[in-house]
Every structure is written in structure tokens, then in C-alpha cells.
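See structure below.
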Amino acid sequence: MKIHEYQAKAILAQYGVPVPRGEVARSVEEVEAAAKEIGGTVVVKAQIHAGGRGKGGGVKVAKDTAEAVEIARKMLGMRLVTHQTGPEGRIVQRVLVEQTLPIERELYLGIVLDRALGKPLFMASAFGGMEIEEVAARQPESILKEPIEPGLGLTPFQARKLAYGMGIPTPSVNAAAAAMIALVRAYEAVDASLLEVNPFILTRDAKVYALDAKISLDDNALYRHKNLIELRDLNEEDPLEVEASRFGLNYIKLDGNVGCMVNGAGLAMATMDLIKYSGGSPANFLDVGGGASAEQIRNAFRILVTDRGVRAVLINIFGGILRCDVLATGVVAAAHELKIRVPIVVRMEGTNVELGRKILTDSGLNFTVAEGMKDAAQKVVRLAQ
């Protein structure tokens with residue numbers, strides 16, 4: 001689950017990470033009040049779940065309250081397009097009004113789960129304010145890494161090593177190290193899957209601040225953080241993905257025209273690969289899980305075909321816990337209910353497979369039964385074209 005910058009900074013502040021003074025605003029009047037309260041020059045930052053806001057016009061500096069109000073009038077309600085939003089962009093519904101700081105240097109700090117190590121990895125770079133992917137491609141040696149041992153957090157010697165490695169001056173090393181240690185405490189406390197501070201700044205008066213912050217929370221741990229669930233902004237998520245989450249379905253919308261419904265994440269990834277290999281493009285990732293009911297299948301299928309970009313559907317099921325006849329019953333019910341017009345290719349194997357195929361062929365609907373995954377992918381790609 002992604003959260004906004006202002007929400008991430010509030011979490012970091014709770015754990016002792018220095019952040020600029022700021023207030024979130026949802027109207028021009030609130031922007032005016034916040035700018036007056038902070039005083040002097042302020043920065044107005046659009047709050048959307050995407051990076052690259054500055055390049056898209058979503059971060060503006062105002063020399064006084066009057067200019068902040070003018071910026072807010074243009075920014076609130078605008079469709080902000082960045083390299084991460086796609087051409088459809090995001091509607092700006094709130095902004096963060098924040099004090100400006102005398103920046104001396106911009107650095108990068110980040111924490112991710114390294115699956116090869118089996119533990120979180122702390123990353124730091126002297127090249128802040130840039131996309132970390134660009135830095136990694138051009139100067140991979142500039143990204144410093146320290147593993148975080150479970151139960152220990154980031155140790156003081158590791159933090160100082162990173163600070164000196166980034167070239168932070170000695171008078172600011174202890175403050176930077178303390179901030180890094182606090183970042184790890186926050187990461188672990190909220191069960192984050194990603195935490196980024198880009199840029200982490202050093203000011204002219206030798207202080208450090210998290211000037212920006214990005215946190216993604218592990219959905220599987222949210223049951224332990226009821227208060228964090230309230231931070232979810234459904235307006236920033238794809239409506240189909242939101243609908244799927246209501247039924248416990250793993251659904252991610254993509255840009256292709258072949259809808260996919262599969263049981264099992266590994267099989268779903270393999271199915272998408274085969275569609276690409278056959279010259280097509282998947283419209284979604286949809287894993288209905290191993291124990292889906294006919295009702296869940298019906299809802300999954302309804303969500304899948306609601307995507308207007310879907311020109312054909314591939315249902316690829318290995319029947320184990322989810323029996324093939326249960327799948328077929330749910331699909332036929334959904335197809336009748338929604339008056340499906342797009343062609344549907346079905347590949348199924350496993351428990352009650354013959355009964356499942358009979359239910360499909362006897363339905364009178366536009367089903368094509370495939371023999372094997374490769375045959376299914378080729379047929380659905382042809383039909384989508």
C-alpha cells in the first residue's frame with residue numbers, strides 16, 4: 001500500500017527523523033493559512049502517488065503567501081502527468097505546504113527488502129535528487145549498501161560508515177547517522193516494503209533533513225496496523241484494482257488487450273510470458289488463488305472484462321484445490337450475467353477437468369477450449385487481433 005509524502009513524513013517524524021515543517025492543505029484557503037503560519041518562502045508540493053512531480057509542474061516555490069495562493073489555485077484540481085503516472089496522469093486533490101531550507105547538498109537514502117540476502121538492505125548515495133535507477137546505471141559504485149540484521153537494526157558504525165562514504169562533513173556525521181538509524185526503526189515498526197528519502201539534504205548550517213519521503217507498506221502486515229489502513233487513498237488507485245481487493249483477488253491492471261485469469265502467481269507470470277512470446281500483450285495480472293469459490297470466480301471475471309481494453313480472455317487453470325467444474329460454473333454464470341461478447345479461450349487441467357470442459361461446451365457461449373498452454377496463448381492472441 002502506497003501512502004502520500006506528507007503521511008510518510010509524519011511517520012518518520014514519530015521515530016526521530018528530521019523533516020521540514022509543513023502542513024497538508026486541500027483547498028486554497030487552507031494553503032493560505034498554512035503559508036501564513038509557516039511564514040516567508042514556502043514550497044507547494046502536489047500530493048500524488050508518483051515520482052517526477054517537479055518535472056511535471058507539481059512542485060513550486062512561493063516567495064510569500066500571496067504567491068502560494070496563486071500556485072495553489074492552479075495546482076489543486078490539475079491533472080499532473082509524470083513519467084510514473086502514464087499519459088492519463090493523476091488529479092491533484094491535496095498539496096503539502098512546507099518551509100524552504102538552505103540546501104548545501106542533496107543525498108539519497110533508501111531501504112528495500114533484498115530477497116537474495118533474506119533481509120532489508122540500506123542504500124545510500126551522494127547523488128541525491130536524481131532517479132536512483134539512473135545513478136545505478138551510470139555509476140553503480142556510487143551506491144553504498146549495508147545489510148540490516150533482523151533484531152539489530154542499522155548499527156551506529158554502519159551508519160557512520162555510510163555517512164563518511166557519502167562525503168558528509170565530520171560536524172554533520174552524527175546527525176546523519178542518527179537519522180539513518182531512525183529511518184530503519186520507522187521501516188521496521190510499520191512493516192514497510194520500501195522506504196526512500198530522495199533527497200536527504202545537508203543544509204548550510206550543517207543540519208540534515210528528509211526533504212522528500214516515500215513509504216510503501218506491506219499489505220500482508222496491515223492487520224497489525226489498523227491505524228495505517230486509514231492512510232490508504234483510494235483515489236490514487238486503479239478502480240478495478242480497488243474492486244478486486246474487496247474480494248481478496250490479486251489483480252493488477254496492465255496496458256495490453258488479452259485479459260488473463262489464472263490460479264497461482266507463478267502460473268500467472270508464465271501465462272503472461274507466453275502471451276508476449278506469442279506476439280500479444282496481457283491486459284492484467286489476475287491470480288484468483290488456489291481455493292477460490294464460484295462466487296469469487298464470477299467477481300474476478302466481471303472485473304477482468306470491465307476493462308475496456310480487453311479484446312479476448314485467456315483462462316488458464318490447474319485444478320487442484322480449485323476444481324475445474326467450480327471454475328467453469330463461475331465463468332459461465334459471469335458470462336451470462338454480463339452478456340460477454342469477447343472471445344474466451346480456456347485451458348484447464350486437473351481435478352474434474354472433463355466435467356469442467358463439458359460445462360463450458362454445453363453453455364452455448366463463445367468458448368474455445370485449448371490443448372496446453374502454448375496452444376492457448378497462440379489462440380487468444382489471434383482472437384485479440
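Values quoted throughout were computed directly from the atomic coordinates according to the rules given, and no laboratory measurement underlies them. Values in this document were obtained by computation on a predicted structure and should not be read as measured data. Please note: Cβ atoms are built from the backbone with ideal geometry, for glycine as well, and neighbour counts cover all protein chains shown.
Once a ≥ b ≥ c are taken as the square roots of the eigenvalues of the Cα gyration tensor of the stretch 1-135, is the result rounded (a/c under 1.5), prolate (a/b larger than b/c) or oblate (a/b not larger than b/c)? Note, shape of the stretch 1-135 comes out prolate. Computed over neighbours whose Cβ is under 12 Å from that of VAL242, the net charge equals -3, Lys and Arg +1, Asp and Glu -1. How much mean residue ellipticity at 222 nm does the chain get from its helices, if each DSSP H run of length 4 or more adds -39500 (n - 2.57) and you divide by all residues, to the nearest 500 deg cm²/dmol? My calculation for the chain gives -11000 deg cm²/dmol from helical runs alone.
Starting from the Cα-Cα distance between SER245 and ARG138, subtract it from 0.36 nm times their residue separation and give me the gain in nm to one decimal.
Additional length available on full extension: 34.7 nm.
May I ask which of LYS45/LYS145; LYS119/LYS253; LYS9/LYS45; LYS2/LYS226; LYS2/LYS55; LYS2/LYS253 have a Cα-Cα span longer than 18 Å here? Spell out each step's value before the answer.
Working: LYS45/LYS145 30 Å; LYS119/LYS253 29 Å; LYS9/LYS45 13 Å; LYS2/LYS226 15 Å; LYS2/LYS55 21 Å; LYS2/LYS253 16 Å.
Long pairs (Cα-Cα over 18 Å): LYS45/LYS145; LYS119/LYS253; LYS2/LYS55.
Using only Cα coordinates, the Kirkwood hydrodynamic radius of the chain works out to 23.5 Å. Excluding GLU149 itself, calculate the net charge of residues whose Cβ lies under 15 Å from the Cβ of GLU149, where each Lys or Arg counts +1 and each Asp or Glu counts -1. Its environment carries a net charge of +1.
At q = 0.20 Å⁻¹ the log10 of I(q)/I(0) for the stretch 178-321 amounts to -1.16, computed by Debye summation with a single uniform scatterer per C-alpha, solvent ignored. Each Cα pair under 8 Å and six or more residues apart adds its sequence gap; the mean of these over the residue count of the stretch 172-313 is a relative contact order of 18 percent. Per-residue extension of 0.36 nm, minus the Cα-Cα distance of GLU354 and ILE91, leaves a gain of 89.8 nm for this segment. Available extension along the chain between ARG115 and THR41 is 22.3 nm, counting 0.36 nm per residue and deducting the alpha carbon span.
Scan the stretch 153-209 for trypsin sites (Lys or Arg not before Pro) in coil per DSSP, keeping those whose Cβ has at most 13 other Cβ atoms within 10 Å, and list them by number.
Numbers: sites: ARG160, LYS161, ARG185, ARG204, LYS207; in loops: ARG204, LYS207.
When the trypsin sites (Lys or Arg not before Pro) of the stretch 153-209 are filtered for loop state and at most 13 Cβ neighbours within 10 Å, ARG204 remain.
Taking 20 Å as the straight-line reach from the Cα of LYS60, the aspartates and glutamates in range (excluding those fewer than 8 positions away in the same chain) are GLU5, GLU23, GLU29, GLU30, GLU32, GLU37, GLU70, GLU98, GLU104, GLU106, GLU131, ASP212.
Global dimensions of the stretch 21-100 from alpha-carbon coordinates: Rg and Dmax equal 11.8, 36 Å.
In the chain, excluding the sites themselves, the longest stretch lacking any of the GluC sites (Glu not before Pro) that are in a DSSP loop with at most 16 other Cβ atoms within 10 Å is 238-370.
For LEU76, what charge total do you get from the other residues with a beta carbon under 13 Å from its beta carbon, if Lys and Arg give +1 and Asp and Glu give -1? Taking every Cβ under 13 Å from that of LEU76, the sum is +4.
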